[in-house]
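*Asks:* What follows is a structure written as C-alpha cells; I'll ask about it next.
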Amino acid sequence: MENRPGAGAADFIYDIRPIDEIRLPGTALRASFNVGAYRDDLYTLLGIEFPTHMGRAVAKRKAEFLCGRFLAGLALEQVTGRRHGIGIGEHRQPLWPLDVSGSISHTNDTVACLVSASPALGLGIDIENVLSEQTALNVAGSVICDDERTLLSQCSEPFALCLTAVFSAKETLFKALYPRVGFYFDFNAALVTDIDFSKRTIAVELTRELGMFYRSRDRFQIGLILEDSRLLTYLVTSPG
C-alpha cells in the first residue's frame with residue numbers, strides 16, 4: 001500500500017494492508033510485526049512519541065504499543081488527510097482526535113485498527129490467538145455464564161475456539177461502547193446468544209443498562225474473521 005515504514009523499520013513492521021472483510025465509513029488496516037527486530041529508536045524512526053510509562057516495559061509491550069500507534073496513524077491519515085497524535089487516557093486507552101472514532105488491537109505478531117471520520121460511531125476490534133483446550137477450560141468460568149456454556153456445548157466447533165470467539169466478541173463490544181458509556185463494565189454485562197462460524201457472526205445482547213445510551217437487551221451483531229490459529233472480531237455501531 002502507499003504508506004510504508006522506512007527502510008530501517010521494514011524488518012520490524014511489514015505486510016500493511018486493508019482488512020477487506022470489514023465495511024465501515026473509514027478504514028480498517030492490519031499489519032504484522034517482529035518483536036525480535038524491536039529496538040527503542042524505532043519510535044523516533046516511525047515518528048511515534050515514546051510514552052513515559054513504557055520506560056521499564058519489556059520489548060514485547062513496547063513493540064505492540066509502537067505498532068498499534070503507527071498503524072493507527074496511517075489509518076488516521078487515510079481518513080482525514082493529515083497526521084494526528086493519539087493520546088493516552090487515564091486507563092491507558094487511546095485518545096482519538098475529537099472528529100474521529102477508532103479502535104486498536106494486537107496479538108504477539110499482528111496489529112489491527114479501525115478508524116472513521118464519524119465520531120458518533122462506536123468502533124471495536126479485537127484480535128486473539130485461539131486458546132488451547134486446557135487454557136480454555138481454566139479460564140471459562142471468568143468469561144462465560146451458564147447460558148453461554150450451554151450454547152458452546154451445542155456448537156460443532158471445538159470448545160477452545162468457541163470460547164476464544166466469545167472472549168474476543170466481549171472485548172470488541174467493550175471497546176465499541178466504552179467511549180460513550182464512560183466506565184468499565186464486566187463480561188457479565190453482555191450475553192452471547194449465537195455464534196455462527198459459517199456466517200462469520202456473533203450475536204450479543206446486553207444484560208443491563210450501560211449509561212444513558214445503551215439499554216438492557218440491546219443487541220449487537222459482531223463480525224468474525226477466522227484465520228488458522230488467530231481470530232478477529234469487529235463491531236461498527238451507533239447509539240440509538
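The values are calculated or read from the model by the stated rules, or taken from the named source; none is laboratory data. Everything numeric here is computed off the predicted structure, so don't read it as measured data. As a convention, Cβ positions derive from the backbone with ideal geometry for all residues, glycine included, and neighbour counts pool all protein chains shown.
*Asks:* For TYR234, which of the numbered conditions (1) closer than 24 Å to GLN154 by Cβ; (2) at pLDDT 95 or above fails to hold?
*Replies:* (1)
*Asks:* Report every pair of residues separated by at least 6 positions or lying on different chains whose Cβ atoms are under 7 Å apart, first residue within the stretch 35-62 and outside the structural domain of PRO94 (by TED's automatic domain parsing) and surrounded by 15 or more Cβ atoms within 10 Å (Cβ to Cβ), second at pLDDT below 95 and part of a loop (DSSP other than H, G, I, E, B).
*Replies:* Final answer for the pair search is none.
*Asks:* Name the residue, out of GLY211, GLY182, that is closer than 30 Å to ASP99 by Cβ, surrounded by fewer than 16 Cβ atoms within 10 Å (Cβ to Cβ), in contact with a helix residue (DSSP H, G or I) (Cβ under 7 Å, 6 or more places away or on another chain) and of a type outside the set (A, V, I, L, M). Full working, then the answer.
*Replies:* Values: GLY182 fails: in contact with a helix residue (DSSP H, G or I) (Cβ under 7 Å, 6 or more places away or on another chain).
The match here is GLY211.
*Asks:* Moving on to the next point. Restricting to the stretch 140-156, give me the number of residues that are touching a residue at least 12 places away in the same chain (Cβ under 8 Å) and surrounded by 13 or more Cβ atoms within 10 Å (Cβ to Cβ).
*Replies:* Final tally of qualifying residues: 8.
*Asks:* Right, here's the next one. Any residue in the stretch 122-134 that is modelled with pLDDT of 90 or more, part of a helix (DSSP H, G or I) and in the same structural domain as ALA169 (by TED's automatic domain parsing)?
*Replies:* Yes, the conditions are met somewhere in the stretch 122-134.
*Asks:* Right, another one. Anything in the stretch 158-199 that is of a type in the set (Lys, Arg), more than 22 Å from THR107 (Cα to Cα) and part of a helix (DSSP H, G or I)? List them, or say none.
*Replies:* Step one: of the stretch 158-199, the residues of a type in the set (Lys, Arg) are 170, 175, 180, 199.
Filter once more, so that each one left must be more than 22 Å from THR107 (Cα to Cα): 180, 199.
Once the filter is applied, which keeps residues that are of a type in the set (Lys, Arg), more than 22 Å from THR107 (Cα to Cα) and part of a helix (DSSP H, G or I), the stretch 158-199 yields only ARG180.
*Asks:* Go over the candidates ARG69, ARG92 one by one and state the one that is farther than 20 Å from LEU226 by Cβ, surrounded by fewer than 17 Cβ atoms within 10 Å (Cβ to Cβ), among the charged types (D, E, K, R) and not assigned by TED's automatic domain parsing to the domain that holds GLU227.
*Replies:* Values: ARG69 fails: surrounded by fewer than 17 Cβ atoms within 10 Å (Cβ to Cβ).
Only one candidate qualifies: ARG92.
*Asks:* Do any strands (runs of 3 or more DSSP E) lying entirely in the stretch 1-115 carry at least 3 residues that are out of contact with any helix residue (DSSP H, G or I) (no Cβ under 9 Å at 6 or more places or on another chain), and which ones are they? If you could, list the steps in order and put the result at the bottom.
*Replies:* On the way: elements: 13-18, 26-33, 101-106.
Answer list for the stretch 1-115: 13-18.
*Asks:* Let me ask something else about it. From ALA190, ALA203, grab the single residue that is more than 14 Å from THR164 (Cα to Cα), outside the structural domain of PRO25 (by TED's automatic domain parsing), buried (at least 20 other Cβ atoms within 10 Å of the Cβ) and not polar (S, T, N, Q).
*Replies:* ALA190
*Asks:* Taking the condition more than 14 Å from the chain's Cα centre (by Cα) and either of a type in the set (A, V, I, L, M) or farther than 20 Å from ASP20 by Cβ (or both), does PHE220 pass? Please lay out each step first, then the result.
*Replies:* On the way: more than 14 Å from the chain's Cα centre (by Cα): yes; either of a type in the set (A, V, I, L, M) or farther than 20 Å from ASP20 by Cβ (or both): yes.
Taking the combined requirement at face value, the residue satisfies it.
*Asks:* Which pairs have Cβ atoms under 6 Å, sit 6 or more apart or on different chains, and link a residue in the stretch 124-136 that is under 15 Å from SER103 (Cα atoms) to one that is modelled with pLDDT under 95 and not in a strand (DSSP E or B)?
*Replies:* ILE127/THR107
*Asks:* Kindly list, by first and then second residue, each pair from a residue in the stretch 167-186 that is outside the structural domain of ILE104 (by TED's automatic domain parsing) and at pLDDT 95 or above to a residue that is aromatic (Phe, Trp, Tyr) and part of a helix (DSSP H, G or I), limited to pairs with Cβ atoms under 7 Å and residues at least 6 apart or on different chains.
*Replies:* Hits for this filter: LYS170/PHE187.
*Asks:* I would also like to ask the following. Go through (1) more than 19 Å from the chain's Cα centre (by Cα); (2) modelled with pLDDT of 95 or more; (3) under 27 Å from PHE167 (Cα atoms) and name the single condition ALA57 misses.
*Replies:* (2)
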